[in-house]
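This report concerns only the one structure given below.
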Amino acid sequence: MTTDRERPQLPVVLVAGMHADARRRVVDRLLADVPGSVALHHDLASAADGTVTRTVRDATGDVSRGAAPLVNDCACCALREDLMPELLRLAGSARLAVVELWDSVEPMAMAEAVAAHGGHTVGPTNVITAVDPALVLPCLANGDDLSEAGLAAAPTDQRTVADTLARQLEYAPVLALVDEGEADDEDRALLTQLHPTARQVPFDLPELARLAFAGFDVETAAAAQHPSCALLPQEADEAGVATLVWRGHRPFHPGRLYQALEDLTCAAARSRGRFWLADRPDTLLGWDAAGGALSLETAGPWLASLPDAAWDLVPPMRRAAASLDWHPRHGDRCQHLVFISPGLDREGLARLLESCLLTDAEYAAGREAWKRFPAAFDDLLSPVS
């Protein structure tokens, strides 16, 4: 938590969310409940014309409007370049700055920019994602590129509607619920299982205004999302929505896992975690899937592959995560994947994952033999050095 002494001169709460109507209602409520607050919004819809439209408003209406030119043909870059000067300008007059992010903008980069450039004058005090629970599953099932939905922040933006929403939900410690009465138990269970540690607050309760000042640590928030130490959900089964947490201490056979990727990706509305390939025994790999689209990444070395002297350079959260998965033979090398979905076939999914692990004979052959398996993932990951 941030104390009054630690609180920056201008506290900044970021309000994210793909559901524009829900987001706007949350911002309006904060403006009404926090006297002296102002909201800053950059509309990226005009980016095709070469500019980003900026609006500053308070509880009574618009205070100012302006435009910022694109930076490197990127609307999000223009937002970052224009955001800090505006916040610093407001620091002497506003009690709270509510930064309303545009539909497809993810809050992590913006929170880190505010923290990095605000000094003691401007700083993030929380991140809130506004959400209509009834819209979560339709968006999470939408594998369209943001460009197809008219929401791309740059010509090179290759994100999808589903994975963008997932990261908006999973990064924020507070979810502000704008429930129009159409959400059912399944919708609420899905939202809870996607981010079980988030504080869910109806947008029209006074508690939301208090949470805007609660405090926010960008380093801790980033670590909680990184594949190496992500705070992944636990097993759950409620209202037809299930979470399968699947762990293993044998590596995947690269060929068999590659053949199963499509079935695994489509098996759940959302899946993520870290995994281990036999032909890349020292590389921690990240898994991130939503809307039928899968993203894989190399996320650094497993700690067990590092010399002891290098451990002092590793952040504490990374060491703590490794200790939870530690194996006497393999160290922190493991499979730790989470699948979340209505109607999840837990048993079938577990069988498919198990079938991708090394057999007893393959496992007994040892690491040097594993490295000789055909490199099935070279088209999805950088080659092993």
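The values are calculated or read from the model by the stated rules, or taken from the named source; none is laboratory data. All values derive from a computational prediction rather than experimental measurement. Cβ: placed from backbone, ideal geometry, glycine included. Neighbour counts: every protein chain shown. Note: areas computed on protein heavy atoms with side chains; ligands, DNA, RNA excluded. Shrake-Rupley method; radii C 1.70, N 1.55, O 1.52, S 1.80 Å.
Some points to look at:
- Residue within the range 171-178 that is free of Cβ contacts under 8 Å to residues at least 12 places away in the same chain and within 26 Å of C266 (Cβ to Cβ) present: no
- Those residues of the range 226-267 which are open to solvent by 10 Å² or more (accessible area, probe 1.4 Å), over 17 Å from the mean Cα position of the chain (by Cα) and among the aliphatic types (A, V, I, L, M), in sequence order: A236, A239, L244, V245, L261, A267
- Number of residues in the range 21-63 that are in a helix (DSSP H, G or I) and open to solvent by 40 Å² or more (accessible area, probe 1.4 Å): the value is 10.
- On the stretch given as the range 293-319, residues that are open to solvent by less than 50 Å² (accessible area, probe 1.4 Å) and touching a residue at least 12 places away in the same chain (Cβ under 8 Å) total 9.
- A299 meets each of the listed conditions (1) out of contact with any Lys or Arg (no Cβ under 8 Å at 6 or more places or on another chain); (2) modelled with pLDDT under 95 apart from (1).
- Scanning the range 143-174 for residues that are surrounded by fewer than 24 Cβ atoms within 10 Å (Cβ to Cβ), at pLDDT 95 or above and not in a helix (DSSP H, G or I) turns up P173, V174.
- Note on the range 287-314: residues that are touching a helix residue (DSSP H, G or I) at 6+ places or on another chain (Cβ under 6 Å) and not in a helix (DSSP H, G or I) amount to 5.
- Selection status of A113, assigned to a helix (DSSP H, G or I) and either without any contact (Cβ under 8 Å) to a residue 40 or more places away in the chain or among the hydroxyl-bearing types (S, T, Y) (or both): yes
- One residue stands out in the range 85-130 among those that are within 23 Å of A32 (Cβ to Cβ) and acidic (D, E): the one that is least open to solvent (accessible area, probe 1.4 Å), namely E100.
- The listed residue being in contact with a Cys (Cβ under 8 Å, 6 or more places away or on another chain) and assigned to a helix (DSSP H, G or I), out of R247, R210, R256, R188: R256
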